[in-house]
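To start, the structure itself, in structure tokens.
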Amino acid sequence: WLTGTWLLNMAFAVAAMRRQSSAIVTGLGDQIQPAPRQNTIHLVLILPPLHCPTGQVYQAFDALQSPSDVDEDRVQILAELDPLPIVGLFNDLAEAATQVEPKLKETIVQLQEQLDRPVHITGSGAAMFILTSSKNASKVLADNINATTDLPAVATSTLSDFG
């Protein structure tokens, strides 16, 4: 499993080095479809001191739903929106991740109430992110989170395919 995961991550990394900065990854992570974006996505990355073992998250995910429940059409529609909307994003692994690490759900709810904006889980967790409208908005929000919580937060942005 580790070798397979490493190879898939390497394939995605090679695509990024070729300036394919975003992609839709399906199947078992082996199908990579470029999804170029014209606009940079600005966000705040939040790194809580929590742990969501990937294997456990996927086991929880399998128990929650069947692979046919994954809405690939919804993913495709979101991938085509540029700029990406602040609301409406989803992560099929989010519920499973919060089952594996219940404190993650509490942290998300607290942040959403404090900041009055959606907080999303990255991959299988436990890192989180919040989309913003600009580089400056990301910096202000990250500074706010760092000042008012015990969570490390950093302003960042995605690669841009066209600039």
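The values are calculated or read from the model by the stated rules, or taken from the named source; none is laboratory data. Bear in mind that the values here come from a model prediction, so they are computed numbers and not experimental data. Please note: Cβ atoms are built from the backbone with ideal geometry, for glycine as well, and neighbour counts cover all protein chains shown. All accessible areas refer to the heavy atoms of the entire protein, side chains included, with ligands and DNA or RNA removed. Shrake-Rupley method; radii C 1.70, N 1.55, O 1.52, S 1.80 Å.
Suppose accessible area is computed on protein heavy atoms with a 1.4 Å probe; arrange Asp92, Asp30, Asp116 from highest to lowest. Numbers along the way, then the final one.
Values: Asp92 55, Asp30 95, Asp116 135 Å².
Per-residue accessible area, sorted high to low, gives Asp116, Asp30, Asp92.
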Original post:
What is the extension gain from Val109 to Ile77, computed as 0.36 nm multiplied by their sequence separation minus the C-alpha to C-alpha distance, in nm to one decimal?
Top reply: 8.9 nm
Subject >> Cut-off under 5 Å, modelled amide H: who pairs with Ile24 long-range >> reply: Gln33, Ala35
Original post:
Where Rh is the Kirkwood radius over the Cα pairs of the range 42-123, the temperature 37 °C and the viscosity 0.692 mPa s, what D in µm²/s does Stokes-Einstein return?
Top reply: 233 µm²/s
**OP:** Report the residues of the range 82-124 in range of a label on Ala137: point 7 Å along Cα→C-beta, backbone N strictly under 11 Å from it.
**Re:** 84-87
Subject >> the range 99-109 - phi-based ³J(HN,Hα) in whole Hz, Karplus 6.51/-1.76/1.60, Gly and Pro as x >> reply: 6, 5, 10, x, 4, 4, 4, 4, 5, 4, 4
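What is the extension gain from Asn144 to His120, computed as 0.36 nm multiplied by their sequence separation minus the C-alpha to C-alpha distance, in nm to one decimal? Walk me through the numbers on the way to the answer.
Numbers: separation 24, 0.36 × 24 = 8.64 nm, distance 1.74 nm.
This chain segment gains 6.9 nm when fully extended.
Could you work out what % of the accessible surface of the range 51-163 is carbon and sulfur, using a 1.4 angstrom probe and leaving DNA, RNA and ligands out of the count? Present the calculation step by step, with values, prior to reporting the outcome.
Values: 3430 of 6570 Å².
Answer for the range 51-163: carbon and sulfur cover 52 percent of the accessible area.
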